[in-house]
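> Okay, here's the structure, questions in a sec.
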Amino acid sequence: MATRVREKAIQRKENADKRPSAYLPNVKISVSKVRLVLDQVRGKNAQEALAILTYMPNAAAPIVKKLIASAMANAEVKGMDKDALKVAEIYCTQSRVYNKKLNVRGRGRADVIVKRGSHITVILDQVQA
């Protein structure tokens, strides 16, 4: 049985995505606020995306900028040219809910205050010249 497990591990390694990427889990910003920033840089050149994020007023912009810079550093480690990178995929998914509190309402009722979080993933790719 160990032989089959080893073969499957080798096959997974061969089929793995070779593109440089970066992943940031459990960011304490809601998914809807992060998606506003992600939509601005999706499909752009990586250097251009960093320039756009530098001057964005959104709270998620510095976080996404740092993540794209990390993915670019990963690309340099893999031997890719930093100037020939584009943002191939960038998306976020919902993470756990932080800070559940009660908001006291009238007539003995209460509302729950939830602070949502997100996981952000960036995958870069080389531009074909």
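> Going highest first, how would you order 91-104, 109-122, 59-72 by mean Cβ packing within 10 Å?
59-72, 109-122, 91-104
> Tell me the Kirkwood hydrodynamic radius of segment 13-54 in angstroms, computed as one over the mean inverse distance between distinct C-alpha pairs.
After inverting the mean inverse Cα-Cα distance, the result is 12.6 Å.
> Now, a different point. Under the 0.36 nm per residue contour assumption, what length would be gained going from the current alpha-carbon distance of residue 123 and residue 47 to full extension?
Difference between extended and current length: 25.9 nm.
> Taking 7 Å along the Cα-to-C-beta vector as the label spot, tell me the residue 114-residue 12 distance in nanometres, rounded to one decimal.
3.1 nm
> For each pair in 8/82; 66/100; 28/66, compute the distance between the two Cα atoms and list the pairs where it is over 23 Å.
8/82; 66/100
> For segment 1-69, what does the accessible surface come to per residue with a 1.4 Å probe? Please give it in Å².
Result: 70 Å² per residue.
> Please compute, for the alpha-carbon atoms of segment 42-129, the extent along each of the three principal axes and give them in descending order in Å.
Per principal axis, max minus min of the Cα coordinates gives 67, 25, 18 Å.
> Separation between the residue 70 and residue 23 pseudo-spin-labels, each 7 Å from Cα along Cα→Cβ, expressed in nm?
Output for this residue pair reads 1.1 nm.
> Stretch residue 103-residue 59 to full length: gain in nm at 0.36 nm per residue minus the Cα-Cα span?
Stretched out fully, the residue 103 to residue 59 stretch lengthens by 13.3 nm.
The values are calculated or read from the model by the stated rules, or taken from the named source; none is laboratory data. All values derive from a computational prediction rather than experimental measurement. When we count neighbours, we look across all protein chains shown, and the Cβ atoms used for this are built from the backbone with ideal geometry, even at glycine. Surface accessibility is based on the protein's heavy atoms, side chains included, excluding ligands, DNA and RNA. Shrake-Rupley method; radii C 1.70, N 1.55, O 1.52, S 1.80 Å.
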